[in-house]
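Worksheet for the structure shown next.
The values are calculated or read from the model by the stated rules, or taken from the named source; none is laboratory data. Just so we're clear, the structure is a prediction, and the values are computed from it rather than from any experiment. A quick note on method: Cβ atoms are made from the backbone with ideal geometry, for glycine too, and the neighbour counts reach across all protein chains shown.
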Amino acid sequence: MQLFHYHWWTPQLEEMENFYKELGFATTLRVGNYQGEMQSFNPPLEWDDFRDREVTFRIIEMVKGQTNITFGYGKRNRFDHVGILVDEEEYREIIHNAENLNLNINEGERRTFISTPWKFRIELQTRREVVEEEETTIIHTMELGVAFDKGHPQLLADLLNLQLLEDDERNLVKVGNGQWNINVHSESHSRLNGVHFIKDTFECSDPVGTTLVGHHSL
């Protein structure tokens, strides 16, 4: 099981793509609505080739090493989901847990989404090709903000078969499995505040305000 992915809705699509390109991410997919039809605008097309066509992008996908980032057009910045790579056994266990927790499950051929009480979703992905084979840019920790009055983050541990690593008087809850962690902070609304990587080096914030920190090792 591997934490590999996050998705935002944002009006800052070109800024996001340019930012992550500077960090070494490659654009693998652009799909958007143009003149009432969903069409692809994938590389080698650049923004200058379609900037004036008023394309409403549903998804732009960028990949570097073991990290996959997607974003699509939204009127405001809104964090939508995180993604976890799983094998078939892990997938079945998590679906079973979600059913026991009475969480909404939306199963698809390519991926499955599980809704949480905090208006963000968890994507389960079984296709390894969504990331590169190169063992670089690996997500180690995600920093999430959620409203604790909507439910205790222990739910994430119960859903994903993670350990509860720390529960600091309901101000910070950490869950993990020894390879990666999710740190959950008490906030008024759901947000992806930060992402920590290993096997890469950078320290910056992306256009939607997510702090990104990369280390060669821990």
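Residues are listed down the side, and each one gets a yes or a no for (1) among the charged types (D, E, K, R); (2) over 18 Å from L192 (Cβ atoms):
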| residue | (1), (2) |
| --- | --- |
| L3 | no, no |
| F19 | no, no |
| L45 | no, yes |
| E54 | yes, yes |
Subject >> Members of the range 136-156 found to be more than 18 Å from I95 (Cβ to Cβ) and either within 18 Å of the chain's Cα centre (by Cα) or modelled with pLDDT of 95 or more (or both), listed by number >> reply: T136, T137, I138, I139, H140, T141, M142, E143, L144, G145, V146, P153
Original post:
What is the one condition in (1) without any contact (Cβ under 8 Å) to a residue 40 or more places away in the chain; (2) within 19 Å of F4 (Cα to Cα) that L192 does not satisfy?
Top reply: (1)
Original post:
Could you say which residue among L144, L155, L124 is aliphatic (A, V, I, L, M) and closer than 14 Å to L85 by Cα?
Top reply: L124
Original post:
Where residues in the range 73-101 are more than 20 Å from the chain's Cα centre (by Cα) and in contact (Cβ under 8 Å) with a residue 60 or more places away in the chain, which of them is nearest to R128 (Cα to Cα)?
Top reply: E93
Original post:
From the set of residues in the range 156-189 that are without any contact (Cβ under 8 Å) to a residue 40 or more places away in the chain and among the β-branched types (V, I, T), which is nearest to T141 (Cα to Cα)?
Top reply: V175
